[in-house]
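The values are calculated or read from the model by the stated rules, or taken from the named source; none is laboratory data. Everything numeric here is computed off the predicted structure, so don't read it as measured data. Using ideal geometry, Cβ is built from the backbone for each residue, glycine included, and neighbour counts are taken over all protein chains shown. SASA here: full protein model, heavy atoms, side chains in, ligands and nucleic acids out. Shrake-Rupley method; radii C 1.70, N 1.55, O 1.52, S 1.80 Å.
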Amino acid sequence: MHIMEGFLPFKHALAWTVASAPFLAWGLASAGRRLRAHPDHRMLLGVSAAFAFLLSALKLPSVTGSCSHPTGVGLGALLFGPAAMVPVGFVVLLFQALLLAHGGLTTLGANVFSMAIVGPFVAYGVFRLACLLGLGRSPAVFLAACLGDLATYVTTSLQLALAFPDPVGGVLLSFEKFAGIFALTQLPLAITEGLLTVLVVNAMAQF
Amino acid sequence: MTLERLAYASPWRRIAPSAKALFCACAMAAAWLTATPLGACALALLLAAITVAVARTPWRDYLRVLRAPLGFLALSCLTMLVTITPGDHGPAGWRLAPELLPPVMMTVTRAAALCTALLLLVLTTPLGDLLGLLRRLRVPALLLDLMALAYRMQAVLGEAWSDGTTAQRARLGYVGRRQALRSMAALISCMAVQVWARASALQAAADARNDTGELRFLTPQFDRSPRHHLMAALAGVMLVATVLAGGPA
Amino acid sequence: MIPLIELRGASYRYPDGSHGLRDCHLALRPGSRNALLGANGAGKTTLMQHLNGLLQPETGVLRWKGETVVHNRAGLRALRQQVGLVFQNPDRQLFSAHVEEDVSFGPLNLGLPETEVRNRVAQALRAVGLQDHARAPVHHLSFGQKKRVCLAGVLAMRPQLLVLDEPMAGLDLPMQQDLQRLLDALVAEGVTVLVSTHDPDFAADWADEIHVMAQGRCQLSQPVAALLTQPSAWQAVGQTPPQVMALHAELVRQGLLAAVPVPRSIERLLAVLRARTLPASQESVIHDA
Amino acid sequence: MIPLIELRGASYRYPDGSHGLRDCHLALRPGSRNALLGANGAGKTTLMQHLNGLLQPETGVLRWKGETVVHNRAGLRALRQQVGLVFQNPDRQLFSAHVEEDVSFGPLNLGLPETEVRNRVAQALRAVGLQDHARAPVHHLSFGQKKRVCLAGVLAMRPQLLVLDEPMAGLDLPMQQDLQRLLDALVAEGVTVLVSTHDPDFAADWADEIHVMAQGRCQLSQPVAALLTQPSAWQAVGQTPPQVMALHAELVRQGLLAAVPVPRSIERLLAVLRARTLPASQESVIHDA
């Protein structure tokens, strides 16, 4: 779920852009360091970004009408680590705005924050935590992908709530409203996402 | 991908991306500066009209592209127009709040104006050309390389994906929900494993052509008639000036 | 005789507006060997995807054993069980880690019980000569072996019609001959086979009937025997006649060979020529060829 | 005469331990047309990657015009400027969105000034007949067009040796003939060409010299003229001789054709046969063929 072009007030759009920028710079610097050691990682990162974009544009079989979802980001965070996912996620979101009219340029900062920063970090953190707790691979992957997806959508709801607080109930009520409305599509999506990622990771382990 | 196809077919493709981007940036600035819903609405309609009538994007396709953003708008506005009736002990119930209509209208019309401005750019300028523009705007090289590769490879992988699902459908891979999920997972994992092989094949191909570590390409030459830039700047400034002067309302 | 499958007046346009098929007719006789000739972009793959229900004609109908195919879930399921489609590029249609697993994909989707699936997989792998590679990782196989895995994956569904898109592409000569033998064995078991190719020599050598496509139309459907005597029929549909035809015609003109039958390949022509110097048996050999 | 390029005693093992090359020798004469034959997995691609310095032999040396190539940055840079390598699959070597951009990659890496790069790109696109597609996105092109973009990308670097891996694979007959004409035009300009293929008929028809690989060794390097008279030489290295050889031999045995020269293709043999019935000019035509 991306915030569409122009939906956020100017100050909010700017603030989220400023908030995302250091993460992007850090992700790029970290990728650049890796490139100096392994110059061929440039191609790897490019192909991965293309693959993440492809996955983000997929329609999942169980949810009708869902326009896009962050499958690639959860899987990518597990494969490449969250740092690499910031520039990759940035490219994915930019391409979604320019090729599919999902999201937008002025809301790119906000969308990057929720989908390329919060999502991957939560997915990665949950995965490491689940592994520390001794859960098996499948439950750990499921939780990581599922919670990463949910964290993204909670962040987006929060971004919308901050921008458009309810005149009566304030930011909190507004958050409840947005989170409630989008939960209809996002909860089944997150679960399907988790299942799919488990199937994918298990299949990949066989290769 | 409808946008992509329309952009390559657009008669405005020959105009320098920098001119189009300049105009759209001005239009976006105007949208931010507009103070009234009526002004923003007029701006959105004007931009849509330019896209359809002047840049000759087929209107049916235009409406189809608009579907996703309109869906988002409808859902979000509904959410914003609903609030609670405060009772003595916490909220008493949900109600529609018509008094919220003015600020919501402003948000909606401004989003529409910004969205039509972005669409004007992307419906007349393929992403490949926009990447050339970003190169000239000195975006970090690594990010540019990433985008150039991702743009080319998303087409390759997209084709592989559609061939793969077609082959799976031929073997009844999508007859039911369970099969569909299983087929999809198999294809994703298979393609994910191929990511490394594809990357190393591309690297070998780049090395064979004397790769220097940075993917350098010729920036496309557009008929850089200063006329287009001048017109774009004039039109853009006029939009902003009109808005600042109080709008057409 | 009712054709096994028949496409009548089928037209199809791709979402981007380009024409895939224009009023295309095709009918396949049960148990026949069919070659589909045509340049790149003539619509061969589009036609093949119609036979399996992957694409639905905008106008026109598809008939299976005389019955119109309904493009709903049940109709497509039944059709795809009968019509096995093998695509050109093995890397685009194999997506499991191991051979066995990939071959079992179709039968599992049919909802067959596990023992039946195992039987079918084992039999399909035997048919393509890969029984010793059942547990091998797919990406360690050679190109030719991968092509055979694709074929096994479709054979395991026990189709009555086997449709193969450019099966010979990328195979070297011995592998092509292996595949040809395998297809012949399937035809001997009663399977109807349609093979697309852009090699008229192979088509003339192997097929019973040749179908030629150009610009989305099926321009010609004729038994090979009839086509071998008419170079103009090939040229009329933009195809180069098989080399053996001109060669045979020249040797006939020089009085070396009989006018009929025209040998189907250079190899067979050579056999006839070689037999010629044995005056005693000359006549009979020419007629056997 | 010093060969343009020469690989001597090259051995190479892949990181997974499998042998790529074993004591492989290959030398190419300047300005010659070379065909590299071999089954899948014989090491053709590995050999080609050695010629461009993408792989470095563990033992043995690579010589360019008699000078040993040093596999450091400068040495490789110089080598890759002279040796253009076109891979088989276009989707694995084109990495830019637009045709023109992709073609410019090599010349820009050579450090040429922009106007020179533009000239070279335009000329390379003209050479492959894609001048009208300069601004087209690569993913809108057909397979054959993409292959030509790959070729243009290498031609724009003006190599003296052009190495093409299976350039004919996936092309239909008219496209193959176009490509053959293009290669002939390059040879006429002095470029040396090496083409891998598994089609002995094409190799015999087009090449000046044929090199046959098997199990990572270059088993045979001979002028086509010599090979056309020795079917056993082909069989000894596991290759099927071109069909024209057996046919010609049989027609010689029957007293129809002269024993030498052996025509390089069925088409040329047919031309000789056709000329035969004109008694006056018979001798001269046979010698010209």
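General remarks:
- For chain B, built as a Gaussian network whose Cα springs stay under 10 Å, the top-fluctuating residue of B:Thr85, B:Thr125, B:Thr36: B:Thr85
- Angle in degrees between helix D:243-253 and the longest Cα principal axis of chain D, rounded to the nearest 10: 20
- Think of it as helices only: each DSSP H run of n ≥ 4 in chain D is worth -39500 (n - 2.57), and spread over all residues that comes to -12000 deg cm²/dmol at 222 nm.
- A 1.4 Å probe run over the protein assembly as shown, with the rest of the protein chains in place, finds 40 Å² accessible per residue.
- Using a Gaussian network model of chain A in which every pair of alpha carbons under 10 angstrom is joined by a spring, one finds that among A:Leu14, A:Leu133, A:Leu54 the greatest mean-square fluctuation is at A:Leu133.
- Protein accessible area in chain A, 1.4 Å probe - carbon and sulfur %: 73
- Phi-based couplings in Hz for the stretch D:209-216 (Karplus 6.51, -1.76, 1.60; Gly and Pro marked x): 10, 10, 10, 10, 10, 8, 6, x
- Between identical copies, the spacing of D:Gln235 label points, each set 7 Å from Cα toward the C-beta atom, reads 3.8 nm from nearest to farthest.
- Among D:65-77, A:183-195, C:15-27, the order from most to least packed when residues are scored by Cβ within 10 Å on average: A:183-195, C:15-27, D:65-77
- Where only DSSP H runs of four or more residues are counted, chain B gives -24500 deg cm²/dmol as its mean residue ellipticity at 222 nm, each run worth -39500 (n - 2.57).
- Shape of chain C, Cα gyration tensor, a/c cut at 1.5: oblate
- Shape class for the stretch D:40-182, computed from the alpha carbon gyration tensor (a ≥ b ≥ c): oblate, with a/c not under 1.5 and a/b at or below b/c.
- Only protein heavy atoms count here; under a 1.4 Å probe, A:Trp26 has an accessible surface of about 110 Å².
- In the C-B interface, the accessible area buried, summed over both sides, Å² (probe 1.4 Å): 2000
- Between B:Thr212 and D:Asp178, the simple spin-label model (points 7 angstrom out along Cα→Cβ) gives 3.3 nm.
- Within chain B, helices built from complete DSSP H runs that reach 20 Å or longer along their own axis (Cα positions) and carry a mean Kyte-Doolittle hydropathy of 0.0 or higher are B:17-33, B:59-81, B:101-124, B:141-170, B:177-208, B:226-244.
- Highest-MSF residue in chain B out of B:Arg216, B:Arg95, B:Arg14 [GNM, Cα springs under 10 Å]: B:Arg95
- Heavy-atom accessible area, 1.4 Å probe, ligands and nucleic acids excluded: residues of the stretch A:1-44 down by at least 40 Å² from chain alone: A:Met4, A:Glu5, A:Gly6, A:Phe7, A:Phe10, A:Leu28, A:Arg42, A:Met43, A:Leu44
- Heavy-atom accessible area buried between chains B and A is around 6100 Å² (1.4 Å probe, both sides summed).
- Distances between placed amide hydrogens fall under 5 Å for C:Ser32 paired with C:Val193, all partners being 5 or more residues away or on another chain.
- Rounded if a/c under 1.5, otherwise prolate or oblate - chain A, Cα gyration tensor axes: oblate
- Residues of the stretch C:61-92 buried by at least 30 Å² on assembly (accessible area, 1.4 Å probe, chain alone as reference): C:Arg73, C:Arg77, C:Arg80, C:Phe87, C:Arg92
- Whole-Hz Karplus values for the stretch D:174-191 come out as x, 5, 5, 5, 4, 5, 4, 4, 4, 5, 4, 5, 5, 4, 4, 7, x, 6 Hz, taken residue by residue from phi with 6.51 cos²θ - 1.76 cosθ + 1.60 and θ = phi - 60°; glycine and proline positions read x.
- Amide hydrogen neighbours beyond the local backbone of D:Leu220, cut-off 5 Å, H modeled: D:Val212
- With both labels modelled 7 Å from their Cα along Cα-to-Cβ, the C:Arg135 to D:Ala185 distance reads 5.6 nm.
- Axis of helix C:114-127 versus longest Cα principal axis of chain C: the two differ by about 20°, to the nearest ten degrees.
- Karplus-based coupling profile of the stretch A:83-100, in residue order and whole Hz: 5, 5, 6, 5, x, 4, x, 4, 4, 4, 5, 4, 5, 4, 5, 8, 9, 10, with θ = phi - 60° in 6.51 cos²θ - 1.76 cosθ + 1.60 and x standing for Gly or Pro.
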